[in-house]
Amino acid sequence: MMEIRNAGCENMRHRAQKIFEKLGYRKIMAVGILLTAGMLYAFLTDSVQGDAYDIQLFQLSSETIRSEKTVEDPIKTELERQRLADEVAPSYQFMDEIADNQSALIESLFDYLLDAKAAPEAEQEELSEEDKIAQLREDLRLMETSENGLRLTDDMLRSLLALSDERLIDVREELDNLLQSYLSEPIRIEEVARIRTEIEQDIRRNEQIPANVVQAAVTIGRFGIIANELVNEELTASQVQQVRNSVEPTRILQGQVLVQEGQVVDKEIYRQLELAGMTEEHLNYKPLLGLLIFVLIAVGLLMAVMSRSEKDDKSKSTELLVIVVVIAISLALMKLLYAVSGNFDLVISFIFPTALAGMLVRLLVNERAAVYVTILISAAAGIMLQSGYSASLQVDVALYILFGGLTAIYLIDQDGGRGRLLQISLAVAGVNVLFVAFYLLIGQTQYNWSEIGFYFTAAIVSGLLSGALAIGFLPFFESAFGMLSAMRLIELSNPNHPLLKKILMETPGTYHHSLMVANLADASCEAIGANGLLARVGCYYHDIGKTKQPQFFIENQVNIENPHDRLPPEKSRDIILAHGVQGAQMLKNYKMPKEIIDVAAQHHGTSLLKFFYYKAKETNPDTNEEAYRYVGPKPQTKEIAIICIADSLEAAVRSMKEPTSEKIKKLVDSIVEDKLKDGQFEECDISLKELKTVKSVMCETLNGIFHSRIEYPKETN
């Protein structure tokens with residue numbers, strides 16, 4: 001079964017490699033970005049959009065519906081504003097100049113009468129009484145057509161003209177005094193009729209006014225009474241506006257019951273449902289637009305994270321796909337929780353494995369990408385894993401996942417394997433428990449002991465589940481994507497591994513040689529930003545092929561004769577050259593990672609086996625040089641190039657007598673230059689600048705290993 005699965009994964013890797021080569025990194029990047037954007041939008045759409053109900057007017061509601069958001073009710077708000085505005089009393093203003101204006105009008109009336117009486121004698125004889133009245137009517141036309149309308153009959157005018165000038169002036173003064181006394185007090189429009197009646201009674205009782213002109217005087221007096229306390233429209237409008245502005249908007253509150261199960265959906269209920277956007281006919285597109293902005297931010301950051309990677313295009317493509325798959329797994333788990341959350345009264349989101357995504361990406365890609373994925377997943381969880389009735393961001397869940405994920409990311413290092421991952425899971429569980437304590441203490445909700453126990457249990461399960469799922473998923477990621485995680489490398493470096501035990505027991509000299517090469521390669525790789533852990537573990541296994549015939553390799557020849565002294569160079573050549581191929585095959589048989597197999601196959605490149613080549617040439621000058629070269633291929637990565645240098649260097653330094661810093665430096669320069677001239681680094685991307693750094697680090701490391709002992713003075717008694 002295992003062989004079938006491995007064969008399937010191998011086929012998958014071959015197909016993926018063909019796709020990489022055909023599309024190229026840019027197209028794969030575009031596909032990965034589109035996949036991420038599509039997944040986020042598809043998984044989160046339902047959460048931001050809220051529920052829509054198929055509600056019909058005047059039908060019974062099949063369920064109790066609560067508002068998913070707080071929204072203003074403009075109709076009820078306007079009705080309340082109008083009600084309060086109607087209750088605002090008008091603001092009045094007393095117009096004291098009205099009394100003077102009315103007095104002036106009455107005075108003008110009597111002036112017209114006096115003028116008519118004071119006409120020249122000749123003119124008096126010519127004008128009849130009817131003509132005078134007609135003239136007066138012309139003079140008084142404006143008063144008659146005014147708003148109050150002075151209505152003096154011809155008889156009234158005749159009676160007034162019949163008075164002497166003195167009596168006419170007395171009547172004018174009496175009327176003016178009465179008007180001034182009444183108009184000195186505020187009179188509103190609704191009081192005008194009453195005041196006119198009062199002044200009429202005063203005029204009729206006034207003995208200074210002749211009886212024959214009383215009716216005319218009453219008409220003039222009533223004409224003079226008008227409202228002098230008027231509504232201040234501007235001030236009243238300002239007060240009305242203040243009252244309207246003071247009204248708080250009437251709102252439909254989040255969680256408010258809009259319709260009970262079995263209740264008839266009348267027009268008002270249907271209007272509120274429409275207002276809350278909970279009918280199928282009134283889909284709200286604003287949340288979808290907001291979600292689109294969130295997705296654009298997410299994929300933009302993903303592009304930024306990938307652009308910072310210094311790896312080759314193939315590795316970046318693989319890492320991008322890993323990130324996409326991890327995001328997909330996390331979103332699927334969230335969706336599962338979201339689907340079942342309606343069956344619980346408690347917030348079951350706390351059971352989500354907070355550190356799963358961060359652990360996987362940290363182990364398979366790098367820390368920067370892991371932090372990005374953790375932030376993205378926590379934000380997505382805040383949107384999807386909601387509690388309550390609102391389609392909004394659930395901050396407590398987002399922070400819960402963020403803190404748990406970051407805890408795992410920063411605790412993962414190069415010093416442990418799966419056991420270490422389980423320890424980190426316990427730490428994550430501890431952080432989860434602390435956050436749940438914060439959540440329970442800061443909230444205003446009262447919880448019973450069973451609820452508190454549930455939340456703390458969920459926090460612990462979340463942490464442990466993160467580690468368990470990460471351990472379970474890792475082999476599938478490593479097989480499907482051909483990746484080698486730090487955890488896997490740490491496990492392979494365990495001395496109890498069967499192959500390492502085999503090297504130690506059968507070829508102790510080779511084992512020691514491998515450890516020395518590993519120290520050199522690890523330090524050098526770290527100095528130039530390459531994978532030092534991969535180089536170290538690769539060195540442990542690079543000479544596994546020597547276990548086939550250990551006595552033919554000098555580091556294992558302890559107290560025995562060198563068997564090559566009795567063999568022809570061709571036979572010795574075949575034995576030495578075969579150890580790389582045999583080692584790669586042994587590693588394949590043990591299902592070792594491809595990166596480790598490549599180290600065994602490529603650590604000598606196509607370099608020349610000089611000793612036996614020149615030995616053969618002594619007897620046969622026509623010896624073919626290619627026959628004495630390793631089959632290769634040449635190093636394909638920086639790590640293998642550095643191992644190639646370290647392997648040759650360690651063997652050469654070990655054979656030196658009294659190595660000094662100067663001798664070591666010359667030897668390092670010589671080996672690197674020889675391999676450069678031989679073209680061994682042509683197929684990897686290591687630069688001359690990096691080689692310079694590698695040489696410097698190797699010199700320092702070797703000087704530390706082979707430093708001269710300090711001679712202490714002998715003790716004297």
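The values are calculated or read from the model by the stated rules, or taken from the named source; none is laboratory data. Just so it is clear, the model here is predicted, and its values are computed rather than measured. Every residue, glycine as well, gets a Cβ built from its backbone with ideal geometry; the counts of neighbours run over all protein chains shown. These accessible areas exclude ligands, DNA and RNA; they are computed on the full protein's heavy atoms, side chains included. Shrake-Rupley method; radii C 1.70, N 1.55, O 1.52, S 1.80 Å.
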Worksheet item: Going toward the positive end of the dipole of the chain, with +1 on Lys and Arg Cβ and -1 on Asp and Glu Cβ, which of 487, 577, 633 do you reach last?
Response: 577
Worksheet item: For the Cα atoms of the chain, what angle does the longest principal axis make with the long axis of helix 2-23, in degrees from 0 to 90, nearest 10?
Response: 60 degrees
Worksheet item: For Kirkwood radius over Cα pairs in Å, the listed values are (1) 28.7; (2) 35.8; (3) 31.8; which was obtained by calculation from the structure presented?
Response: (2)
Worksheet entry | Per residue, in Å², the accessible surface of the chain once ligands and nucleic acids are set aside, probe 1.4 Å | 53 Å²
Item to complete: For the chain, build the charge dipole from Cβ charges (+1 Lys, Arg; -1 Asp, Glu) around the Cα centre, then report which of 325, 349, 596 sits farthest towards its positive end.
Response: 596
Worksheet item: Where a Cα-Cα gap under 28 Å defines reach, which lysines qualify for residue 335, not counting those fewer than 8 residues away within the same chain?
Response: 69, 286
Fill in: Across 610/677; 638/665; 665/692; 316/638; 634/675; 502/548, pairs whose alpha-carbon gap is larger than 18 Å
638/665
Worksheet, complete the sentence: Nearest 10, in degrees from 0 to 90: the angle of helix 214-224 to the longest Cα principal axis of the chain is 10 degrees
Item to complete: Might you report the magnitude of the Cβ-based charge dipole of the chain about its Cα centre, with Lys and Arg at +1 and Asp and Glu at -1, to the nearest 20 debye?
Response: 8960 debye
Worksheet entry | Rounded accessible area of residue 623 (nearest 10 Å², 1.4 Å probe) | 20 Å²
Fill in: Largest to smallest accessible area among 351, 645, 297, 452 [probe 1.4 Å]
297, 351, 452, 645
Worksheet item: Can you list the lysines whose alpha carbon is less than 18 Å from that of residue 617, not counting same-chain residues fewer than 8 positions off?
Response: 571
Worksheet item: If ligands, DNA and RNA are left out, what is the accessible area of residue 27 with a 1.4 Å probe, given in Å² to the nearest 10?
Response: 120 Å²
Fill in: Qualifying lysines (Cα of each under 29 Å from Cα of residue 117; at least 8 residues distant if same chain)
132
Item to complete: Quick one: compute the contact order of the chain, relative version, from alpha carbon pairs under 8 angstrom and 6+ residues apart, as a percent.
Response: 13 percent
Worksheet item: Helix 688-705 versus the longest principal axis of the chain: what is the Cα-based angle in degrees, 0 to 90, to the nearest 10?
Response: 60 degrees
Response to the item:
In the chain the accessible area split gives carbon plus sulfur, as whole percent at 1.4 Å, a share of 55 percent
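What ranking, highest mean first, results for peptides 509-517, 357-365 when packing means the other Cβ atoms within 10 Å averaged over each residue?
Ranked by mean Cβ neighbours within 10 Å, highest first: 357-365, 509-517.
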Worksheet item: How much solvent-accessible surface does residue 285 expose, in Å² to the nearest 10, with a 1.4 Å probe and all protein chains in place?
Response: 150 Å²
